[in-house]
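Novice: Handing you a structure now.
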Amino acid sequence: MVSGFAVRADAILTSMRIYTRTGDHGETGLFDGTRVPKEDARVASYGDVDELNSWLGVLRAETLEATIDAELARIQADLFEIGSDLATPGGDRSSAFVQQRIADQERWIDELMASLPKLKNFVLPAGSRAASLCHVARAVCRRAERSGWRLRRHTEFPDVILVYLNRLSDLLFALARKLNALAGTSDAEWSPRTPPR
């Protein structure tokens, strides 16, 4: 089963049917051939990364500035590699580039936040369509990070993958605000309820 992540051998891609029937009884295969239950923590982890990647694809279907779209495409490629590592016991190929990409994310966050009004309150996940989709991706990214830590508690893989997801969720928050600004839409600030007297 492909599951949306980079398969190591080209031969698999050219000869594999979309349906294999091997998962019809509640198990799936990892990239090393190990069979695990579909509710396994590893499957949940790379499944959440796959869902995050898919939401970024939906966001990219919007009309975005070329530089934003190009960076989101790079992030999707990052997530493909990260998902591949999560789907492979002992996988750590993404650790070769992830640290640099975290630094790239932090630079972009700083640039985005410097171009936006200072936050005076929490903001609701709302506004323009593109910003709202970005907030959905941010929330799924947080879940992917949680799933990753759940897996990491009993499986060895580089912690830097989870740092990447943590920073990506921050980036998606900043980007959602920027997308609102580009659309001429104000952030939807959260107003705390006034306690009854």
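Novice: Can you name every residue in the range 70-79 that is more than 12 Å from residue 161 (Cβ to Cβ) and out of contact with any Asp or Glu (no Cβ under 9 Å at 6 or more places or on another chain)? Give the derivation first.
Specialist: Pass one, the range 70-79, residues more than 12 Å from residue 161 (Cβ to Cβ): 70-77.
Result: 70, 72, 73, 75, 76, 77.
Novice: Specify the residue that is surrounded by the fewest Cβ atoms within 10 Å (Cβ to Cβ); the eligible residues are those in the range 178-193 that are assigned to a loop (DSSP other than H, G, I, E, B) and of a type in the set (A, V, I, L, M, F, W, C).
Specialist: Within the range 178-193, the subset assigned to a loop (DSSP other than H, G, I, E, B) is 183-188, 190-193.
Checking the rest, the ones that are also of a type in the set (A, V, I, L, M, F, W, C) come to 183, 188, 190.
Details: 183: 14, 188: 16, 190: 10.
It comes out as 190.
Novice: Is it fair to say residue 143 is farther than 16 Å from residue 82 by Cα and part of a helix (DSSP H, G or I)?
Specialist: It is false that residue 143 is farther than 16 Å from residue 82 by Cα and part of a helix (DSSP H, G or I).
Novice: Pick from 155, 88: which is more than 22 Å from residue 54 (Cβ to Cβ), among the hydroxyl-bearing types (Ser, Thr, Tyr) and not in a helix (DSSP H, G or I)?
Specialist: 155
Novice: While we're on this one: Restricting the search to the range 61-80, which residues are assigned to a helix (DSSP H, G or I), free of Cβ contacts under 8 Å to residues at least 12 places away in the same chain and hydrophobic (A, V, I, L, M, F, W, C)?
Specialist: Within the range 61-80, 66, 70, 77 meet the criteria.
Novice: Assess whether residue 97 counts as being out of contact with any helix residue (DSSP H, G or I) (no Cβ under 6 Å at 6 or more places or on another chain), in a helix (DSSP H, G or I) and either at pLDDT 65 or above or within 23 Å of residue 178 (Cα to Cα) (or both).
Specialist: Criteria met by residue 97.
The values are calculated or read from the model by the stated rules, or taken from the named source; none is laboratory data. Everything numeric in this text was worked out from a predicted model, so none of it was measured. Counting neighbours? That spans all protein chains shown, and the Cβs are built from the backbone with ideal geometry, glycine included.
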